[in-house]
Structure formats: C-alpha cells, structure tokens
Amino acid sequence: MATFDSVMQRPVGPRGMTVSTIAAIAIVAFAIVFPLFFDPLSGFLGTSIQALAYVVMALGLNVVVGFAGLLDLGYVAFFAIGAYTTGWVMSGFYGEANIHVFVTSTVEALPGIHMNFLLVLVIAALLCAVAGVVIGLPTLRLRGDYIAIVTLAFGEIIRVFAINGPEIRPFGENYPLTQGKQSITPIDQIDLPFLEPLNSILSLRGYYWVILGIVLVCLFVVLRLRDSRIGRAWIALREDEVAAASMGIPLVKTKLLAYLVGGAMGGLSGAFLGPFIQVVNADQFAFSFSIFILAMVILGGLGSVWGAVIGALVLTFVNNYLIPDVLNGVPGALGLDFQFSDLGFGVFGFLLVIVMILRPQGLFPERRRAIELTEGLDGPPGGPPMGATPAPTTTRGEA
Amino acid sequence: MNSRMRILASTAAVATAAVGLAACGGSDDEGSGGGGGGESASSVTVLSSLPLQGASKDQLAAMVNGIKLALDENGGKAGSVSVKYQSLDDSTAQAGKWDPTQTGANARKAVSDKSVVAYIGEFNSGASQISMPVLNQAGIAQVSPANTAVGLTTDEPGAESGEPQKYAPTGKKTYMRIVPRDTIQGQALLATLKKEGCTKVAVANDQETYGAGLAKVMGLKAQEAGITITSNTGVQPDAANFRAYAAKIKGEGADCFVFSGVTANGAAQIYKDVDAAIPGVKLYGPDGVCESGLTNPGKGGLPKALAERFKCTVATLELKSYPGGNEFLTAYTKAYNDDAPDPYAIYGYEAMKLILDTIEKGGPEKANRAGVLEGLLATKDRDSALGKYGFDENGDTTLTAYGLYEVGDDGNPKFAEQIEATATR
Amino acid sequence: MATNTPAAGPRARRFPLLNDQGRERAGQWALIILLLALPVYYGISDLTGDQGNLSRLATNLFEGVSNGTILALIAVGYTLVYGIIELINFAHGDVFMIGSFVSVGLFGTLGLTLATGPLGVVVGLLVCLIVAMVVTGSLNVLIERVAYRPLRDAPKLAPLITAVGFSFILQNVGLLWLGGSPKSIPDLIRAQETIATVLGVEISRADIVAIAVAVPLMIAITLFISRSRMGKAMRATAQDPDAARLMGIKVDSTISLTFMLGGMLAGAAGLLYALYQTNVWYFQGFQAGLLAFTAAVMGGIGNLRGAVAGGLIIGCIQQIADNRIGTQWTPAIVFAYLILIMVFRPRGLFGEQTREAG
C-alpha cells in the first residue's frame, strides 16, 4: 500500500495557496468585466453564456465520472429535467393554472405557472438530485461499463418520455407532461429579487452574470467537496472499490452522493438554459448531448476541476463559434465554391481525435493522475490493460 | 477558507451591481438599436437563418441557391439600394440539426447589426418560435420560406393556447410566410382523400411541429370531410423499420395511408413497409415529402411500382403554366444546370425576390427596418414565381390553391390537378 | 511497475459479489419471468381475445429474430473489441453504415438492378458481401491504428472520445456520400415477398436471406475463435495481454485481427441491412450501433453467445412493442428491459464467461 499513501499525499503548500488565490481573483475579475468589451447582443457573448452553462454541467459530470469513477452516459437526463422544470413552472405552458410566486408585475398578468427564478433553481436542483439517486440505484451492484449502459438507458428513456409527453396527462387533460418535439415557449425571462427582470432580447450581459454566479458557486462547492472527506472517499472508490469498502467507506452512500451532486448541477444548468434559450423541446435531449458533455470532461482531463472548465469552454467555442461562424467563411474568402457547413461535424470529430492523441491525459490533467502517470503507476482499476510503458505527462499545474 | 468566502461574497456583490447597471444599459440600447427605423441607407443587409448541416442540408442548399439566384438576377441591388446577403446557419455540428441556441443567436445577430432590414427564416416552425419574439421586439421583418405550423400566425384549431400573441410581444406583426399554413393543407389533403375514394385512412406523423401539427389538423376536420381516420401514430424516424406498424394498420382495415412529415424522417421506409403489408394501398403525403428525393428512384426515392400509387400536395401549381413560375424555372436551370429544382428552391427564391422588390418600391428613404416591414406587410396581388398572392392581416399568404402531384415518367413530382381548399374554423 | 502485481488486477475484485449464490439464483428466475412476460401476456390476450390463435405473436417473434440477426452481427463486433481492449467502440455503428453504403455503391458499379436474373443477383450480392466485408474490416483496422493504438497507455476513457470523434467523421463521410435523407435502393431480393406461410407466420425472402447469411457467419466466427491458432491468440490476449506478450503472441497484430473480424461482420450486417430495409441513411449506424451495444451488454459484454442472444432478444422486444404498444414507445421499452436485466443479472445474461469474471 506504499503507493496508495504517496498518491494520497497532497503536495500543497501555503505559498502555493496564495499564488493560486491571486490568480483566481484575477481570473474572476476578468470574467466579471468580460461582457463589457462586447456588444450587449454579440454572438460571442451568447456563446460565452452557453459555454458557462456547459461548464456547470461538465463540473457536475466530472464529480460522477471524474471523482467517483462512475461512467455516466445519460447526463442529458438532468439537462432535460432542469429545463422542463422551467417549462412547467416558468412559462404559460399550463395555461389553465394561474399560479404566481414572487414574480414582478410584467409576468403577474400572464396565465400559467410562473415562479421566481431562484425558486426554480432550487426546485430543479432538488428534482435532479432525486433523479440522480433514482438513476444511481440500479447501478449500485454494477461495475465499469455496465454502469455506462444503464445510465445511457435512463437518458434514452427520459428522452422518449419527453418526446411522447403530450400523450401523458397524469394531472388532467390540460396538463400534458411535455410538448414533445414541439416547443414549450416562451420561458419567462430571469427575474431576480431587487433587480429589473433581465431581457435577453435587449442585452445578454445580465444572463452572463447570472450564469457566472452559478459557475462560481458550483466551482466553490466542487473544490470544497474534492478536498473534503467525501471527496477522498469518491477517489478511493474510483481507485479501488474493494479496498475502499474494506477501509470502511460506505459504498452505497458514497456512490449515491456522487450521482446526487452531479445531477443537481445538471439541473441548475438546465434550469438556466431554459430561460436563456427561451424554449424547451424534446429534440434538445439526444444521447449525443451526453457524449458532448462527457467529451468536455475527458478532453479537459478526467477528474480535474479546472480541466472540466477548460474542456467545456473549448468544445463549446469550437461547436458554436469556430465551426459555424469562423470556419464557414474560410472557403468563401479563399474563393472556393464549397459549403464548409457540409463538413461541420467531420471537423468536430477530427478535432476530438487530434486533441486526444496529442494530449491523452486531457488538456489540464488532474494532479493526482499526473503524479501517478509520471511515477509509473498503473492507471485506475479497469484501466489500460496493456499499460506497459506509462505515457509522459508534461503538465502538472492545478490549483 | 474564510478569505475565499469573503472573495466570493464581494464577487457576488460586484456581479449584482453590474447586473443592475446592465439592466439600465440595456434599455438605453433599445432606443438606438431596436428603433433604428427612421434612418435611411444606401446599403442594407438581408440575413437568412437556415439549418445548413445534417439531415436537411440538401433541401437547404437548394433554398440558399434560390435566394442567391434572386439576388444575382438583380445584380445585388434593389433599385438604387445595394443589398448584401448573409447566410447564417441555425444548426450545429454536434446536434446535426437546427439548434435552439444557435437560432436565438442568429436572431440577436440580426437585431444588433443595424444594417439588417429583413430576415429570411426559419426553416423549421419550432425554430421560428424562438426567433419571432426577438425580431418582433426589434421591428425586423421576418419572412419564412417554409413554416406551416398553424399557431405561428393564427389561433385556428391546431394552435396551442397563447398562440400567436406570444410570438409578437409588441403587439405588431413582423412575421410573414409565403407558404400556406397547415389548416389549408390539411383540408387539401382531406379533399384529395375524399375524391380518391378513401374511407379508412391511417395517418403516421413524424412528431415534429410540422408533421404532428398537420396530422392534428387532419384529425380535427376528418369527420366533416367524411373520412374515417383509423389511427394517428407518431413514429420515430430512427426506428429500424415499420413492418410491425404496417401490420397493425392492416389490422385496422386501412385502405389509404398518409405520412405527415418530411422525407428526412423515414418517409421512404414507412411508405415501402406499408405498401408491402397492404398490397394496393393508396399513399399520400404533404409538401414535406413532395420532392424528387422521395419520388425519383434515381435519387434514392421510392421504386417505380410504388410511386405509381403515391400522390402529394404542394402549394404551387404547374410552374410552366404561369409567367413567374416559368421565369424561375428557366433561370434556375441556367444558373445551376438542374431542371427539376427541389421545391424549396422556389420558396427561397421568392422570399428574396419579395424583399428586393419591396425595397426597390420603397426607394432609399424607406430602406430601413420600419419601411421594409411596412412595405412587406402591404403586399397585395403580387405576381410571383408562386403565383399571385398577398398577405392577409395575420401575415399569412393568400394563396390557397393546392396542386395535387403525382409521380411523372421521369420520376419527379408532376402536377396533376388543382385542389381548392379553404380554412374553416 | 513493481506494484503491478497480477493479483491486483480487475479480476481479483470480483469475488465478494459472485459468492452470493442465493441472490444469483433468485436473479436467474426473475430474469426468466421478465423475459417471458411480454410474449406470455400478449399470447394469453391473443388466445382469449378475438384473435383466437397465436399467429400474431409468432409473427412478432419470427420477425424479431430475423431483425435481431442483423443487430447480433453488429453486437458481436462490439463484444469482440470490448473483450480484447475494453473499449466501447462508438465508431462501430458507423463502420456498419459504411458497409451499407459500400454495398449500395457496388450495386450501381456491378449493374445490379431489378431486371437482373436470379443467378446474376446471387453472384453479384456475393461479390458485394466480400467487398463490403473487406472494406469495413480494413477501415476498422485503420481506425484502430490511427485512433486507439496511440492511446493504449492513456487513461481509460481517452479512446472513448477518439471513437466518438471517428463516429462523427464517418457520419460526415456518409452525409457527403448519399446526402441527408434516407435513400431508397433497388429491392434486389424482393425483400417483402412471402415465400411460405408456416403456422400463420409469413416468411419473407428478406427473413431467409438475413438468417442464411448471418447464421453461417456467426458459426464461422465462433469456430475461428474457439478452434484456430489465431483465435486462441485472441482469447489469450483478451485474458491477459501482458502474459500473452510474454508467451510470444504478437499482441498488436492480434488486436488488429480482432478489429478486422469485427469490421467484417459489421460490413456483412451493412449489406444485409440494405437488402432487408431497402433503405440506407448516414444516421442508420447511430441507432443500430446504440441497440447493438445494448445487445452486447445485455448478453454480457465480451461474450460472443451473449451478444447474439442479446441481439435476438432486442429484436423480439422491438417487434412486440412496435406492433402492440406503438413505435414511439419502443426505445423506452427496450431500455427498460435492459435496466431490469442489469438489476437481476449485473453481468448480463451470459456474464460469467466473460474475461472480467473468468
């Protein structure tokens, strides 16, 4: 168990803390003033908001897959539940009902259920935490990739329910579960206490700061959790389940807690994206979305908090900005008669392959994993069976 | 730990203050941006927002071709006003189809670019639900070349509660479409079924706004038309096949079958499976499947034996029979060497042509958002590639004549006869 | 490397759960009840209802089996690859799609049309089968070389992402090749023509062709793996790559061979799919791949028999659900079955015999 000890030691000195704290303050300050450099409706700002919302999901998925080692291929379920929460209680979808909770006069007059955004965030997080536990329960006895398929199956089942929602009316004829592939729209604009309601048609800056706030809260929670007792329990579970159990770690509780935290964050992000996108539609919740978020986590560096952040930012900008906005103009600028958009997802796939081959540990690997790899330990359990020569790592920086 | 908490708290405070500032800043911007109606310009921009990637890319490439053709014919000008065109994509690589976020971003891009006076889009009715309120608040004229969902413009049966008011928060119309809404197409299809002697009709829809909406309209009006609809099933486009479904509707005694949806959602497979299960069944479809991609075996369409029993409805009549249609056909053939253009090409063409003619008519002093919108809404009795039409008070086209198409010897849809349909409540 | 003792490998961790005999047996019974629930329920309702016989159910099951054979062929490819390098090969479904596209392209090149005589069709289709298998086999080997081999020592999930990347690339190739809509192709075998009716079940040509091609291929692959020298090398590598290497087995070429075999089966499945459905689509590989992966896991991933059984079971569930409940609910029912099977048998139907547990 000598190696176990060396892995568990955390070489973080007090001086390191101050440097990283200063860096963190600088980054946060920059992130706050960032939207002031752009037109309030700029497409780049819109993509940034999208990217930050995906950061929240990547952080949540990283808890499940990165920390606890439970491969989740159905993360889209939480996006769906979070977004549908806003569809249910932040829009005119249930036009028969007239429920208004802590909303301003603009929304007060509208039919339907309208609740304050902060309340909706809480409801979405709670619903998703419960869903996370429900999805987690059947996977408790499973290992490795069997967990992957069961979570995938849950994701698909939720999608089918979202699509067939109009047929499901448990609370009466006027209360269908969803609107299926037709959209629930519009969702109320975000309305925070003591502030004027935001309006994404006039300015995106408010939305940016709201999601930045959610990101900061989630980052704080995830960092605290990582360094807490439960965080160490997750990592012990990931490294060796049997050893972890024999050391007295309660497997059921620890696993379910990972699903719970991951699910709640997916719900927060979904509940933000509902009002931001202004629409909830079953087509948004395809399996490929789960893969998209998973790609962010792995590309960033599995288990690494900052990696998840970077992975989410990079992939969103590639998908929503680089390919549609920047590269689309390239053939035209070169005088070629050819639609770049025909190659959109091929290029996306090609970039995934290239980045992964160039940086197998991800862009910003977890420090613990980087140490393992440079010290020549084998990978995590169930890891590369042919781990004859450990790959060198070059980055080990992590706050 | 404590210091971090303090940082977070102060961060939150700064963020809150900033949000407040932004809220004020936002309303200032509206004065100059959204209301940019008074100015006139010698150069304006027209945007289109269409899903250029994924399953529907072929149809959309044809539509963009049509738009470009209209602009090229005019030499990039509308009278003395020069017109720039920019094609935006509302789909993303990861999704492979239209994406709500991207649609919202496109609409906002139109709002923030002061030179934009008109917006062609969206292709999908679901996407228009997102862009309509945004463009409405900025007073930008939106012309959809493809939306048919009832609720976008009216509250006729088939619309959801709150439609269409929720798409026009300012209360003023900014949205027009040059394709008739589903209410009319539903009636046209039912009239066709009645005429062809169908009694029991099975309907399958692709569950999307267009397909499901049209199927719903047909269901509501079937009894009135004297047709029994045995079942209306939503089908998954990615199902392996529909043999079990076909066996089920055979058990229901269906003698006619309608697929309400678009080609990309498994139309060919479902027609073939239904045909195999019920020999001699008559097959029908709306404009979403009325294209050579479905009917021409050379382009991967239905086999000839089956195509003989297939008929579909489109809101255009025979192109060669009226001047505008003939002109379009000649020009398109010349420009792209394709004498059987995808039906969507003509809608793209007409959308752009309409905008250009309107700008030209208004002259440079009306080449702004308000002027173009006013001009477009006032369109009456316009001779076009689609026939003679105008917009009613909802922004709907006044065209109601539907063409019934059958499959010609060359495998492409061929105009058979005209069906008159009206929207009744 | 000193700490990498064989005993600490993944196999050693399994024992506490396997010892639980009682739970295992209860799970087995629950599973049997579960699998029989749908057919028995609808069988009884057919017999007592106005139907009066079981021919509808028999039709459902027979069509399920014939549909399932195609899934089974793809699932075997998943399971082979998983068995040897523990990778969920997300690009596999798209390799299958390329197999369909290659076959369809060959129809044109070889001049196969509806007018071609029966002998011409048989010879032509055999050529298509061989070419499609060679192309997809080589493609799969190529993907392994480019996207998986460089990552063999990387964290376990890294190749999963390159697999997703390749899946996107292949889908884009398919999209450029035949366009965005599903394409209808000549119905060379008159797929849905009934050639016999047995006990009320109409047997169509497509069913016969699917079974006639798939079953021999599956027998061949099973024999190859269990009897041949190279098959033995594959099993050895799957069990312990390092030990296999020490025994003089060329691990790299054995892995390539595995990808070759998996790809070839996917190619055959591609041709069969094209003939069976008479439609091809760039996106067909995604859904089929997802279901085939489900089949592989349901059967116990890494296990050949399990993959075949999983494919057939999913085929039957699909047909029953399509016919009785409604196509829009089919995916939910298939996946609900998967979850229940996982609850009762955490290693899948034939789980014990996999390398992880064995």
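What does DSSP give for the protein assembly as shown in terms of the percent of beta bridges that are antiparallel, rounded to the nearest 5? Please report the intermediate quantities before stating the final value.
Values: 28 of 68 bridges.
Bridges in the protein assembly as shown that DSSP calls antiparallel: roughly 40 percent.
Proximity of backbone amide H atoms, modeled 1.01 Å from N, is registered between B:V116 and B:T45 at under 5 Å, excluding neighbours fewer than 5 places apart on the same chain.
Annotation: amide H of B:A421 within the under-5 Å range of B:Y402, sequence separation 5 or more or interchain, hydrogens built in the peptide plane. Whole-Hz Karplus values for the range B:313-329 come out as 10, 9, 7, 10, 9, 4, 4, 6, 7, 9, x, x, x, 5, 4, 4, 4 Hz, taken residue by residue from phi with 6.51 cos²θ - 1.76 cosθ + 1.60 and θ = phi - 60°; glycine and proline positions read x. If R0 is taken as 25 Å, the Cβ-Cβ distance between B:S42 and B:D72 corresponds to a FRET efficiency of 0.80. For a label point 7 angstrom out from the Cα of B:K194 toward its Cβ, which stretches of the range B:404-421 have the backbone nitrogen within less than 17 Å? From the range B:404-421, the list is B:404, B:418-421. In this simple spin-label model, placing a label point 7 Å from the Cα along the Cα-to-Cβ direction at both C:R145 and A:Y175 gives a separation of 6.2 nm. Taking trypsin sites (Lys or Arg not before Pro) across the range B:328-395, the ones in a DSSP loop with at most 15 further Cβ atoms lying within 10 angstrom of their Cβ are B:K380. Taking all Cα pairs closer than 8 Å and separated by 6 or more residues, the relative contact order of chain C comes to 33 percent.
Short-range pairs are left out: with C-alpha atoms under 8 Å and at least six residues apart, the relative contact order of chain B is 19 percent. Label positions at A:T106 and C:Q239, each projected 7 Å from the Cα along the C-beta direction, are separated by 7.0 nm. Placing a label point 7 Å from the Cα of A:A333 along the Cα-to-Cβ line, the residues of the range A:22-55 whose backbone N sits under 19 Å from it are A:43-45. Out of the range B:138-217, which trypsin sites (Lys or Arg not before Pro) are coil in DSSP terms and have no more than 12 other C-beta atoms within 10 Å? Sites meeting the loop and neighbour criteria: B:K172.
For the residue pairs B:K200/B:K311; B:K166/B:K366; B:K311/B:K334, alpha carbon separations beyond 20 Å are given by B:K166/B:K366; B:K311/B:K334. Of the residues A:D283, A:D39, A:D342, the one that moves most in a GNM of chain A with alpha-carbon contacts below 10 Å is A:D342. Across the range B:271-276, rounded Karplus estimates of 3J(HN,Hα) from the backbone phi angles (6.51 cos²θ - 1.76 cosθ + 1.60, θ = phi - 60°) give 4, 5, 5, 5, 4, 5 Hz, Gly and Pro being marked x. Per DSSP helix of 4 or more residues, -39500 (n - 2.57); summed, then divided by the residues of the protein assembly as shown. What does that give at 222 nm, rounded to the nearest 500? The helix contribution divided over the protein assembly as shown gives -18000 deg cm²/dmol.
Using the Cβ-Cβ distance between B:L220 and B:K320 with R0 = 30 Å, the FRET efficiency computed as 1/(1 + (r/R0)^6) comes to roughly 0.25.
In order along the range B:97-107, the phi-based Karplus estimate (6.51 cos²θ - 1.76 cosθ + 1.60, θ = phi - 60°) of 3J(HN,Hα) comes to 7, 4, 10, x, 5, 5, 4, x, 5, 4, 4 Hz; Gly and Pro are listed as x. Can you classify the protein assembly as shown as rounded, prolate or oblate using the Cα gyration tensor, where a ≥ b ≥ c are the square roots of its eigenvalues, rounded means a/c under 1.5, and otherwise it's prolate if a/b beats b/c and oblate if not? Oblate. Listed cross-link partners B:K84/B:K172; B:K109/B:K353; B:K299/C:K183 are compared with a 19 Å cut-off, the Cα-Cα value being larger for B:K84/B:K172; B:K109/B:K353. The modelled label-to-label distance between C:Y41 and C:V215, using points 7 Å beyond Cα along the C-beta direction, is 3.1 nm. Ignoring aspartates and glutamates fewer than eight residues from B:K361 along the same chain, the ones with Cα atoms less than 12 angstrom from its Cα are B:E374. The shape of the range C:157-228 comes out oblate: with a ≥ b ≥ c from the C-alpha gyration tensor, a/c is at least 1.5 while a/b does not beat b/c.
Could you work out which residue, out of A:E366, A:E156, A:E108, moves most in a Gaussian network model of chain A, that is, has the largest mean-square fluctuation with Cα springs under 10 Å? Taking springs between Cα atoms under 10 Å, the residue moving most is A:E108.
Decide, for the range C:16-353, between rounded, prolate and oblate: order the square roots of the alpha carbon gyration tensor eigenvalues as a ≥ b ≥ c, take rounded if a/c falls under 1.5, and otherwise choose prolate if a/b is larger than b/c, else oblate. Please list the in-between numbers first.
Numbers: a/c = 1.79, a/b = 1.08, b/c = 1.65.
Since a/c reaches 1.5 but b/c is at least a/b, the shape of the range C:16-353 is classed as oblate.
For the range A:20-374, calculate the relative contact order in percent as a whole number, restricting contacts to Cα pairs under 8 Å that are 6 or more residues apart. Intermediate results must be reported in sequence, preceding the final value.
Values: 597 pairs, mean separation 102.9, N = 355.
Taking the mean separation of contacting Cα pairs over the length of the range A:20-374, I get 29 percent.
Between B:S231 and B:V203, the built amide H atoms are under 5 Å apart, and every one of these is 5 or more places off in sequence or on another chain.
Report the full-extension gain for the segment B:E406 to B:E374: residue separation times 0.36 nm, less the Cα-Cα distance, to one decimal in nm. Could you put the intermediate results ahead of the total?
Working: separation 32, 0.36 × 32 = 11.52 nm, distance 3.91 nm.
Extending this stretch completely gives an extra 7.6 nm.
Extension gain for the segment A:L119 to A:S228, taken as residue separation times 0.36 nm less the Cα-Cα distance, is 36.4 nm to one decimal.
Every number here is computed from the coordinates shown, using simple stated rules; none is lab data. Because the structure is a prediction, the values reported are computed rather than measured. For neighbour counting, all protein chains shown are included, and Cβ atoms are generated from backbone atoms with ideal geometry for every residue, glycine included.
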